[in-house]
Structures are given as structure tokens and as C-alpha cells.
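Enquirer: Below: one structure in C-alpha cells.
The values are calculated or read from the model by the stated rules, or taken from the named source; none is laboratory data. Predicted model only: the values in this text are computed from it and were never measured. Methodologically, a virtual Cβ is constructed for each residue, glycine included, from the backbone with ideal geometry; neighbour enumeration extends over all protein chains shown. Just the protein is used for accessible areas: all its heavy atoms, side chains included, with ligands, DNA and RNA removed. Shrake-Rupley method; radii C 1.70, N 1.55, O 1.52, S 1.80 Å.
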Amino acid sequence: MAVVSAPVAHPLAHELAPEPTVDERRVAWLFAGTGLALFAAMGLLGLAMRLTQADVLGLSPRWFYRVMTLHGAGMLVGALLAMMGGLWFVLRPQVGLSLGRLLVSYGCILVGTVAVLVAVVFGGFATGWTFLAPLPFRAAGEWSPWATATFLGGMALVGTGFFVFCIDALTAVTNRYGGLERSLGIAFLRDRDADPPPPQAIAATAVSLEGLLASAVGTTVILALLGRTIDSGVEIDALWAKNLTYFFGHSIANLIIYLAAGMIYVLVPRYAGRPWKTTKPIVVAWLATLVLVATAYSHHLYMDFVQPRFAQYVSIIASSAAAVPVAVVTIYTGMMLVWGSRYRWTLASSLLYLGFAGWAIGGTGAVIDSLIPLNYRLHNTLWVPGHFHTYLMLGVIFWLMAFMAHLLERAAGRPASRSCPRGRPCRTRA
Ligand code: HEM
Ligand SMILES: [Cu+2]
């Protein structure tokens, strides 16, 4: 591997990171492969929905919402798995993450996904992936309580799998760098640490703290909803449930991008030939993100007049501010890393670069949507799926493809060919 990777990456790349072990490469393939397979399958469902909206296909409302529920849950799980694999792949050489725990996490998420599939396809569950109470219990004859229980159980397993991943990442990083203060870069910020952890370790610490919180909150609301599914006498406060559900849903969707950022901190340097160093703006950005991910979620509740007013102010500020730290700092420092670096433009590295554009464009759409006067107009329009599909498809999915292409380029020992004329061997740019 050491020999063949030279023409793929930048000539100096081998000085930046050690070669991945066989286990690390297998995990990378497993997670990226599962992510890509889910993306392909769920993409067909997305196409079926778009064709129905264009009156080309005629999915009935019953099936449209089933398909939408499965598509949303399946896509997010696929993207989550792929980016978990990506961060694990780049972090393992430095901090010694546990393979066993990762496989437990993968198993939970896979079983959870199958449960969601069964609940939707055989049980007819169709509330949308956000399972907002009291919708799961007002099925109007469309699905039965077993489908609700199976769907909720499936989502709980996905949350549990992510929880296991986060526990392992947090333990390994804090052990390696000597506590939370150093791992988050706070010691470096206060000039007490001359040799700070690399940015991917700081990202992993922040993401796993948020991930633990999000999974715990998700499990709380899911258990409450399961209680209500079993005993219809249980009362669930709809506002409480919506707050917890969106804390979980928003955070998980958001953390997918932040997992990806951790992966990018290592992959981009392999093509640029210089390291992505930990700097004070990066540390501050991740500390701010810790606060902002946890407070921005309530932009999903702007239309709920019963939501306390202060929460609306908190979330408009947090949502507008959330774009700045990690996105701007990562995109800006990423561009500076590429600028003047003799960046090697292979398929993988081009996709990495393009992903920044999707993140920036979709992120701007998100900030626009999170301003209350505009949200008042845009809520329940296609603007909403429009903005998040931009950063998920043209950001995260590009990075998933970049991750896959990176693995392929390494395995082949050469970049993907630029052209492949019919009947002649492919030209490559070795
Ligand atoms: C492959 C191309 C894709 C197509 C054609 C597509 C299409 C759609 C459509 C038509 C909807 C319903 C929008 C509405 O009417 O409200 C939807 C919803 C959604 N999509 Fe996609 N999509 C694609 C990719 C993705 C990706 C890559 C992700 C995430 C990684 C994703 C996540 C979601 C989510 C979370 C929802 C909301 C589901 C819900 O409300 O329960 N989609 N998509
Ligand atoms: Cu959100």
C-alpha cells in the first residue's frame, strides 16, 4: 500500500498520516458501502416522489407518505453511517478506537433500519421520519400499533448505535490527549498546550458530546411514545414531545455534516500535501458549535405559538450564528489549504472540493429559512426539502462519494481515469 499510494495522493501525503491498517480499510469499505447502497435505494424512492409531484407517476397519498418516511429515515441513516465510518477511518490511527464497539454500533443501526423498513412497508407507518406526536397514534386506520412500536424501536436502535459510537470516540480521544479540556483544545486556547490535538480529534470530541446528548434525548421521547403506544391512557404533552423529537432529529442530521468535517480535515491534506493544523479559530468554532447545535433545533417550532417566546429568540440567534463557526472556519481554512498547494485534482479530491460548495449553498438556504419572517412564508413549502437536500446531496453525499473514490484510488494505486474511449484502454493521469 505504501508504494502504490504515492501517485494517488500528494507526494508529501505519506508524511502527514500513517497508512491505514487492514481493519481500518475494511471498516471504511463496510460503512461507505452501506451508505452508498442506502443512498442508491432511497434515491429511487426520492425519484418516485418527485415524479409523483410532477404527475408522471401516480403514487397514492397513502404510499407517498410511506415512501417519504422510509426515504427520510433511510437516507439519514445511510449518510450517518458513511460519515461515522469516515471519521473513524481517519481518527483510528491516532487514538486507537475500538473495532468491537464500532461493530456493535453498526449492528444496532442496521437492525434499527430493518425495523423501520418493516414498519413502513408491511405495517404502513407513514408519519414522516420525524414521528411527531400525536400523529403516530392517529393512524386513521392506515397502520396498527405494532407498526408504530416497530418504527419507534428501530429509531431507538439507530440512536443507541450512534450513542455507542460516541462513547467510544469520546473515551478514546480524551484518553489519548489527557482529558476533555485538552481534547477540546481549551488548554491550547489558554496557551497552556503547545502541542494541541489535531482538528479531527477536536471535531470528534465535540460531535460525540453532542451525539450522546442527542441520543439520550431521542431515547427519552421514543420511550415515552412507546409507552403511549402500549397504553393509550398515557398522556403525552405534544409541545414537550416536539421539542425533544426535534432536538434529536435536528442534531443527528446536523452532526452528519460535522462528522464529515472531521474526515475532511484529514482527506484534503492528503491531496494538498500540507497538514490542516489546529488553530485558535478552529478551536473557538468547535466550542461555539457545542452551544449552537444544542440550541438551534427549535427553529423547527417557530410556527408553534405555545412555544415559550424566549426559546424563539434563542433559536433565531443560534440558527443564524450556527453557520459561522464550523462552516465558515472549515470552508475558509480548507480553501487556504488548497490555495497554492499544488492540490492533486483526482476524482476523490474534486468531490471533496465540490462538497464545500454544496455545504455553503445549502447552509445559506438553511439560515434564510431560520429567520422568522421568512420562515413564516417558507414553512411547509418545498424550500425546506430544497435547502437540506442541497447540503446533504451536494455536500455530504459528495463527501461520501469522495471517501469511496479515495478508497478506490488508494486500492488501485492510481486516480480514476479522465476519459475512457470506446474500444481503447483508459487513459490515466498517474
Ligand atoms: C437522490 C436524490 C433525492 C431525491 C430525488 C429526493 C427527493 C425527496 C422528496 C421528493 C422528498 C419529499 C419532499 C416533500 O414533498 O416534502 C424528500 C424528503 C426527504 N429527503 Fe430526499 N431526495 C433525495 C436525496 C436525499 C438525501 C441524500 C437525503 C439525506 C441524506 C435526503 C433526505 C430527505 C429527508 C430527511 C426528507 C424528509 C422526509 C420526511 O419529512 O419525513 N434525501 N426527498
Ligand atoms: Cu434544524
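Enquirer: Go through 363-371, 338-346 and give me the packing order, highest mean Cβ count within 10 Å leading. The partial results should precede the final answer.
Expert: Numbers: 363-371: 18.9, 338-346: 15.7.
Per-residue Cβ counts within 10 Å, averaged per peptide and sorted highest first, yield 363-371, 338-346.
Enquirer: So, one more: Quick one: compute the contact order of region 178-250, relative version, from alpha carbon pairs under 8 angstrom and 6+ residues apart, as a percent. It would help to have the intermediate numbers written out before the result.
Expert: Values: 43 pairs, mean separation 18.1, N = 73.
It rounds to 25 percent for region 178-250.
Enquirer: In addition: What is the set of long-range amide H partners of L184 at a cut-off below 5 Å, with H atoms built 1.01 Å from backbone N?
Expert: Amide H neighbours of L184, under 5 Å, 5+ apart: none.
Enquirer: Right, here's the next one. For S370, list long-range residues whose amide hydrogen, built 1.01 Å from N in the peptide plane, is under 5 Å from its own amide hydrogen.
Expert: none
Enquirer: Which far-off residues, 5 or more places away or on another chain, put their amide H under 5 Å from the one on G273, with H placed in the peptide plane?
Expert: Counting only residues 5 or more places away or on other chains, the set is H10.
Enquirer: Further question on the same structure: Can you list the HN-Hα couplings for region 80-85, worked out from phi with the Karplus curve (6.51, -1.76, 1.60; θ = phi - 60°), rounded to whole Hz and with x for Gly and Pro?
Expert: Along region 80-85, the couplings run 4, 4, 4, 6, 4, x Hz.
Enquirer: Quantify, in whole percent, the carbon and sulfur part of the accessible surface of the chain (1.4 Å probe; protein heavy atoms only). Could you put the intermediate results ahead of the total?
Expert: Values: 12550 of 18700 Å².
Result for the chain: 67 percent of the exposed heavy-atom area is carbon or sulfur.
Enquirer: Another one. Normalise the Cα radius of gyration of region 214-319 by 2.2 N^0.38 Å (N = residues in it) and let me know the number.
Expert: Relative to the 2.2 N^0.38 Å estimate, region 214-319 comes out at 1.41.
Enquirer: Find the accessible area per residue for the chain; the probe is 1.4 Å, ligands and nucleic acids are left out, and the unit is Å². Provide the component values of the computation, followed by the final result.
Expert: Details: 18700 Å² over 430 residues.
Value for the chain: 43 Å² per residue.
Enquirer: Still on this structure, I have one more. Enumerate the calculated ³J(HN,Hα) couplings along region 127-143 in order (Karplus 6.51 cos²θ - 1.76 cosθ + 1.60, θ = phi - 60°), each rounded to whole Hz, writing x wherever the residue is Gly or Pro.
Expert: Running phi through 6.51 cos²θ - 1.76 cosθ + 1.60 with θ = phi - 60° gives 8, x, 5, 7, 5, 5, 5, x, 3, x, 9, 10, 7, 6, x, 7, 8 Hz.
Enquirer: Here's a follow-up. Take the alpha carbon atoms of region 137-211, find their center, do the same for region 334-390, and report the distance between the two centers in whole angstrom.
Expert: 23
Enquirer: Next up: Across region 285-294, in residue order, what do the Karplus-derived ³J(HN,Hα) couplings come to in whole Hz, using 6.51 cos²θ - 1.76 cosθ + 1.60 with θ = phi - 60° and x for Gly and Pro?
Expert: 4, 6, 5, 5, 4, 4, 6, 6, 4, 7
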